[in-house]
Amino acid sequence: MAPKGDQLVGRAVTAGVFDDALSELDGGRSGALALVGEPGIGKTRLLVDLAARADARGHLVLYGSASELERELPFWVFVDALDEYVAGLESRRVEALDDDVLGELALVLPALSRFEAGREAPLQHERYRSHRAVRELLEQLTASGPLVLVLDDLHWADAGSVELLGALLRRPPAAAVLLALAVRPRQAPERLTAALERADRAGTLLHVEVGALTRGEACELLGEAVDGAAATALYDESGGNPFYLEQLARSLAFERRAGVPELSPGDLDVPPAVAAALAEELALLSDGARGVLDGAAVAGDPFEPELAAAAAATSEASALEALDELLRLDLVRETEVPRRFRFRHPLIRRAVYQSTPGGWRLGAHERSAEMLTARGASPVERAHHVERSARQGDAAAAATLREAGDVVAQRAPASAATWFGHALRLLPDAAPADARVELLLLRARALVATGQFAHGHAALLESIELVPADAVALRVRLTTACAGVEHLLGRHEQAHARLATAMDGLRDPASREAAALMIELAMDGFFRMDYELMGEWAERALSTARPLGDRPLTAAAEAVLAFAGATSGATPEAEARRSQAATLVADLNDAELAERLDAAANLAGAELYLDRYEEAGAHAERAIAVGRATGQSEFIPLPYSILGQVELLRGRLAKAAELLDDAVEGARLSGNVQALAGNLGNRSFAALAAGDVRGALATAEECVELTRGLDQSLVCAAGVALAAALLETGDPERAVESLVESSGGDELPLIPGVWRAKWLELLTRCQLALGWRSAAERSSAAAQAAAAALRLRMATSMADRAAAAVELDAGHFDLAARRALAASAAADEVGAPVEAALARTLAGRALAQAGQTERAMAQLEHAAAELHACGALRYRAAAERELRGLGQRIHRRTRPGRIDRTGIEALTQRELEVARLVVDRRTNPEIADALFLSPKTVETHMRNIFRKLDVSSRVEVARTVERSEHAASRRGREAGR
Ligand SMILES: Nc1ncnc2c1ncn2[C@@H]1O[C@H](COP(=O)(O)OP(=O)(O)OP(=O)(O)O)[C@@H](O)[C@H]1O
Ligand SMILES: [Mg+2]
């Protein structure tokens, strides 16, 4: 950073912005701001000012910056900011974090690498875990006061840092953390710009344009040494850019010399006069100092003298001598760390680096790499020097880059992809084809994990070209992977054609490769919503796999077949297949299952459709566990999202929300829009069930937005989620529209399997809400027909509920009650407590109307208790409202607050509910929505909570609740051991 003595000129507005942001921090709230402006405009200088202001308030300030030539060091900006500080923390404070969190942090911060030992290898598709861990670390760092995390020169940040930053902006730490960022807009990578824009729109980031200084400010900056006329000329030339001003002013002091080597202003992206001024400044150096400065530019920014000396091919002693000259001329500056120096400005480093001859540069990078090797540096630290100096055919260099890629592939796949790419380029021509194929595969996988599908696709195509014709298994594996990426790209036709051609090209149609391809073709039918075709291919796959005696493959085929049956609504056949597949999967040990994880995942999918939530959950969990243990990252997202849906159906709403949040985060990171849309839809249902109506609506809207132009199956899912949320927010008309339009018409023909009955019930309610009785009757009849054809308890339950709603509306109370009770019994049978309780609430309403008050109360009480247990607060409140209407006083099943207790123990049940919603970062109006309370009542509860917990901010409320619930669950775990 700039020396502290430098006076800040102008920028009064920004100072106000900073003070406001810091006051927010003092109030316990997090924040983020980004200074955006061209090179040299004064962003870093402003960050220094912010840091000084924060410091004066006693805030902790940590500073990190990215660096131009070191762009592939994973999480570098964060490492730069946090690592040393964390290394110096008392271990007590570090170890206050969960083991899992520490294990994740070990993958990001070298200072914590000791916590990595003994952990399962991380997975590419679970990168959000590291992000969450860093968020928790930041929260922990605020234990003794607010934290300002300064991240400078973000335009050069590595992809891992950008992802992490994006995650922190999407979900800021629940503590007093201010992220202060500086970016050059024209050089920022697209993902960074997108993340900043998103946060800006969401209102979580303050965007501060940093513009030119005024003429008056420029004069002030230049000071008295520059007279008026000269100052005017400099201002005109610089356009008010302070770096330009300073550089031009410096050159006034230089003696003009002829023959100064020119710097290209274009390469430097500065005006010609500034480039000339820089060239002149560099020309003043002695040969020795210039050599070391050149070496430093290669070694890094910041750099160590030892490395600069190595790059410059000089002794350390002469490097130190040269360094004195460089410091005296203010070309480099000291940092807070001993033996570490920085260039005065990144533009100077760039100018120096650019002006060195290309051949010399190669040698300098080579020497740097050698020095690092001699010092025992990791391949990751050496990689960028190796990449810049190695020649094609250098097998050792290729190996180093491959190794570097391997090290970071799980947590920073974008960097890994770059290094695998360089390794490929360096590979000797004579290298065996499989070495190249392997690298291409690694690269493709890393690219796909970061949403770079087109590049991943290209790498796979290239690899297929290289595979010898007789390597059939490998060829099929690559073809399958390639088709998988085509699905991700939405090119289902192309995927289909590829698989079909591969099938035709197989010499042996009875081979295991053939069976594997048939399974892919079946899944291809699923993507295209052609469930019949899906079934046909699955059938063929099964009859091919079985005689081969390949148990994992047979299980996989059987599972797809079950899934096909379940989606097409052929329940008895599907059920028979499912049971077969379950037996086969149970017979596989983990190593065998690892060969065909899709067996467990598709089985779980089938079970989700077939009312078997318990089994679906168990199979999804097994797929996840085996996938993790065997590092098969790409197989995790599907079972993960199935598990989320299962938990939702089983009424474990908090768990479901957590799983689906993970699934959403994972899909965002991998750029998989299809998975993202699917998970957002389910996340919206989970929010709705928990009573977060606004959250549900916003999530569903994002989902609908995403699915424009995507596959029909996703359009359906999004339309349904939106409809459900719209009905709850009191817009049944749009709800009907959304349902009918997205799902192919009045009878929702495009919705597969059991879900059709379920969404027809929703449609019925929407129509009743609009007073469209005959339309509702038709929808209800369609639900009955669907249920009759499906013969599934859940479908029957939904059809009964639809009918009950229609009967109730028509004034047939007894009939309505009977149907509703049947609906709740059916939902109970399959273990869907929320659905059961909703049916029971309806029954209670009907019974009350029928004058059977006692029975009505019994049903409503039962419903309220069940909904309470599931955390379905809004639905519970609805049941209780009915009870109140019957003159029933609500006394909670759980304890009241206890006066003699402290902390959350002192809260009443209701206050605790409110406080938990504060943990979820809900606003008062949202809490009011969720609990069916008036905003005024929520305010009263909030006041009581503040008083009882002795806190003054929502953040503190959240922290207190989280801490004590965490402690309680830890005690629970320990007691369970
Ligand atoms: N308002 C100011 N008052 C005094 N000096 C300033 C001011 N703004 C910038 N400077 C000086 O101008 C030079 C360039 O500013 P700075 O390094 O902050 O630019 P930057 O926007 O961070 O550029 P880059 O994008 O290249 O990092 C520095 O020497 C800095 O101290
Ligand atoms: Mg800067």
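Values quoted throughout were computed directly from the atomic coordinates according to the rules given, and no laboratory measurement underlies them. As the structure is a prediction and not an experimental result, all values here were calculated from the model. Cβ atoms come from the backbone with ideal geometry, glycine included; neighbour counts cover every protein chain shown.
Extension gain for Ala96 to Arg375 (0.36 nm times residue separation, less C-alpha to C-alpha distance): 97.1 nm. Remark: relative contact order (the chain) = 7 percent; criterion is Cα-Cα distance under 8 angstrom and separation of 6 or more residues.
Taking other Cβ atoms within 10 Å as a rough exposure proxy, Met503, Met518 sort from fewest to most as Met503, Met518. When each of Arg773, Arg874 is scored by the number of other beta-carbon atoms lying within 10 Å, the sequence from fewest to most is Arg773, Arg874.
Dipole magnitude for the chain: computed about the Cα centre from +1 point charges on Lys and Arg Cβ and -1 point charges on Asp and Glu Cβ, it is near 2720 debye. Estimate the FRET efficiency between Leu750 and Asp587 by the formula 1/(1 + (r/R0)^6), using the beta-carbon distance for r and 41 Å for R0, to the nearest 0.05. The calculated FRET efficiency here is 0.65. In the chain, helical runs assigned H by DSSP with n ≥ 4 each contribute -39500 (n - 2.57); averaged across all residues and rounded to the nearest 500, the mean residue ellipticity at 222 nm is -22000 deg cm²/dmol. In terms of surrounding Cβ atoms within a 10 Å radius of their Cβ, Asp590, Asp269, Asp929 rank from fewest to most as Asp590, Asp269, Asp929. All other residues whose Cβ lies under 14 angstrom from that of Ala557 are scored, Lys and Arg at +1 and Asp and Glu at -1, for a net of -1. The relative contact order of segment 486-607, computed from alpha carbon pairs under 8 Å that lie at least 6 residues apart in sequence, is 21 percent.
Remark: the Glu705-Ala229 segment gains 165.6 nm on full extension, using 0.36 nm per residue and subtracting the alpha carbon distance. Karplus-derived 3J(HN,Hα) values for segment 339-351, using 6.51 cos²θ - 1.76 cosθ + 1.60 with θ = phi - 60°, are 6, 10, 10, 10, 5, 4, 8, x, 5, 5, 4, 4, 4 Hz; glycine and proline are entered as x.
Once R0 is set to 35 Å, what does the formula 1/(1 + (r/R0)^6) return for the Cβ-Cβ distance between Phe254 and Asp20, expressed as a FRET efficiency to the nearest 0.05? About 0.25, to the nearest 0.05. At an R0 of 45 angstrom, the distance between the Cβ atoms of Arg339 and Glu209 translates into a FRET efficiency of 0.75.
Only lysine pairs 8 or more places apart or on separate chains count here, and in the chain those with Cα atoms under 30 Å apart total 4.
Using a simple spin-label model with pseudo-atoms 7 Å out from Cα toward Cβ, Ser315 and Ser511 lie 6.7 nm apart. Over segment 73-168, Cα pairs under 8 Å with separation of 6+ residues give a relative contact order of 42 percent.
Label reach from Ala629 (point 7 Å along Cα→C-beta): in segment 596-615, amide nitrogens under 17 Å belong to 596-601. A straight line joining the Cα centroids of segment 727-784 and segment 224-265 runs 72 Å. Is segment 350-478 best put as rounded, prolate or oblate by its Cα gyration tensor, with a ≥ b ≥ c the root eigenvalues, rounded for a/c under 1.5, and otherwise prolate when a/b is larger than b/c, oblate when not? Because a/c hits 1.5 or more and a/b exceeds b/c, segment 350-478 counts as prolate.
Extension gain, Arg773 to Glu438, is 114.3 nm, computed as 0.36 nm per intervening residue step minus the present C-alpha separation. Neighbours of Ala718 by Cβ distance under 12 Å: Lys/Arg scored +1, Asp/Glu scored -1, total -3.
To the nearest ten degrees, helix 597-609 and the longest principal axis of the Cα atoms of the chain are 40 degrees apart. Given points 7 Å out from each Cα along the Cα-Cβ axis, report the Glu465 to Gln712 separation in nanometres with one decimal. Distance between the two pseudo-spin positions: 3.7 nm. Rounded, prolate or oblate: which fits the chain when a ≥ b ≥ c are the square roots of the eigenvalues of the alpha-carbon gyration tensor, with rounded for a/c under 1.5 and prolate only if a/b beats b/c? Here the chain falls in the oblate category.
Among residues other than Pro242 with Cβ under 12 Å from its Cβ, the summed charge is -2 (Lys and Arg +1, Asp and Glu -1). Across q = 0.19, 0.21, 0.25 Å⁻¹, segment 4-71 modelled as identical point scatterers on its alpha-carbon atoms has Debye log10 I(q)/I(0) values of -0.86, -1.02, -1.32, in the order of the q list.
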